[in-house]
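What follows is calculated from the coordinates using simple rules that are stated; it is not laboratory data. Computed from a predicted structure; not experimentally measured. A quick note on method: Cβ atoms are made from the backbone with ideal geometry, for glycine too, and the neighbour counts reach across all protein chains shown.
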Amino acid sequence: MSRLSKYSLGAALVAALVLGVVAAKLRSDHSFVVEASVENFRDAPNGTKLGTLLAGTEIESIGEEGQWVRFRVEGWVWGPSLEGYVSEEERDGPQEEPIPPLQDERPRIKELVNDRYGVFYGVGLDEDIGRLWLRFRVRDIEREAWEQRAFAVQRGAFELLQGRVEFSEIRIETNRPDGSGEVGQYIAATAAADLASAGDDWAVWRQHTRFSIDGGETWEEAE
């Protein structure tokens, strides 16, 4: 045998020995390297395809079933492509303050008023006395129609805020029913408990509501 042939045979034996040692090490560590150029991986033997593994990918075996190997693999994926992903900076950064319930519902209260009852001026809460107030402007209506609007807006706001904002009284403040005067001159004030018990009965509501036509200087009870 020539010197070259002996050298080639020796190199081949060394390579085979090295590969055998590597293969033995991989198997002893329950690890394998994908040999095929592309190999599918599935949710179960012969199950649904979940993705592919490229040649050279190292996997850790955690179980076998026939010729199927259950495995784990370590890798990285671009976070923003994952549903529900929040970066470390966002998790560790300052948290946004929650929006107060009254502020959160303000756009819906404004829409309630502007759609049917007048021009929205504002809504607020005097927390010390538990009074919720809501202001809007009306245009040239009768007194009875004004009361019905006050009742409807009270009920609408009550339904939006019930269970979210604590208040014991709700006040509607407008200008005069004929469209004149300043907003805040005409007032309808009802205890929250009375508003709840009145339901959609305007006559019952009137019996439990106080009215003022001078900005709260004096009060008249419903007849």
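Could you please let me know if GLU147 is more than 32 Å from the chain's Cα centre (by Cα), crowded, with 20+ Cβ neighbours inside 10 Å and in a helix (DSSP H, G or I)?
Working: more than 32 Å from the chain's Cα centre (by Cα): yes; crowded, with 20+ Cβ neighbours inside 10 Å: yes; in a helix (DSSP H, G or I): yes.
Yes: the conditions hold for GLU147.
Could you identify the single residue in LEU102, LEU54 that is touching a Gly at 6+ places or on another chain (Cβ under 8 Å) and at negative phi?
LEU102
Are any of the residues in region 107-126 small (Gly, Ala, Ser), out of contact with any strand residue (DSSP E or B) (no Cβ under 8 Å at 6 or more places or on another chain) and without any contact (Cβ under 8 Å) to a residue 40 or more places away in the chain? Can you show your working first?
Applying the first criterion (small (Gly, Ala, Ser)) to region 107-126 yields 118, 122, 124.
Add one more test, that the residue is out of contact with any strand residue (DSSP E or B) (no Cβ under 8 Å at 6 or more places or on another chain), and what stays is none.
Checked against the condition, which is being small (Gly, Ala, Ser), out of contact with any strand residue (DSSP E or B) (no Cβ under 8 Å at 6 or more places or on another chain) and without any contact (Cβ under 8 Å) to a residue 40 or more places away in the chain, region 107-126 yields no hits at all.
Among the residues of region 134-169, which ones are within 18 Å of ASP104 (Cα to Cα) and of a type in the set (Val, Ile, Thr)?
VAL153, VAL165, listed by residue number.
Considering only region 108-143, state which residues are of a type in the set (Val, Ile, Thr), assigned to a strand (DSSP E or B) and surrounded by fewer than 16 Cβ atoms within 10 Å (Cβ to Cβ).
Looking only at region 108-143, we keep the residues that are of a type in the set (Val, Ile, Thr), and these are 109, 113, 119, 123, 129, 138, 141.
Filter again for assigned to a strand (DSSP E or B), leaving 119, 123.
Once the filter is applied, which keeps residues that are of a type in the set (Val, Ile, Thr), assigned to a strand (DSSP E or B) and surrounded by fewer than 16 Cβ atoms within 10 Å (Cβ to Cβ), region 108-143 yields only VAL119.
Go through region 54-85 and count every residue that is surrounded by 10 or more Cβ atoms within 10 Å (Cβ to Cβ) and either in contact (Cβ under 8 Å) with a residue 24 or more places away in the chain or in a loop (DSSP other than H, G, I, E, B) (or both).
Just the residues of region 54-85 that are surrounded by 10 or more Cβ atoms within 10 Å (Cβ to Cβ), to begin with: 54-55, 57-62, 64, 68-73, 79, 85.
Next, only the ones that are either in contact (Cβ under 8 Å) with a residue 24 or more places away in the chain or in a loop (DSSP other than H, G, I, E, B) (or both) stay: 55, 57-62, 69, 71, 73, 85.
Residues that pass the stated criteria total 11.
Here is a list: ARG164, ARG206. Which entry is of a type in the set (Lys, Arg), within 22 Å of PRO100 (Cβ to Cβ) and not in a strand (DSSP E or B)?
On the way: ARG206 fails: within 22 Å of PRO100 (Cβ to Cβ).
Every option except ARG164 fails the conditions.
So which of ALA157, ALA196, ALA191 is aliphatic (A, V, I, L, M), touching a helix residue (DSSP H, G or I) at 6+ places or on another chain (Cβ under 9 Å) and surrounded by 15 or more Cβ atoms within 10 Å (Cβ to Cβ)? So that I can check it myself, show each step before the final result.
Working: ALA196 fails: surrounded by 15 or more Cβ atoms within 10 Å (Cβ to Cβ); ALA191 fails: touching a helix residue (DSSP H, G or I) at 6+ places or on another chain (Cβ under 9 Å).
Answer to the check: ALA157.
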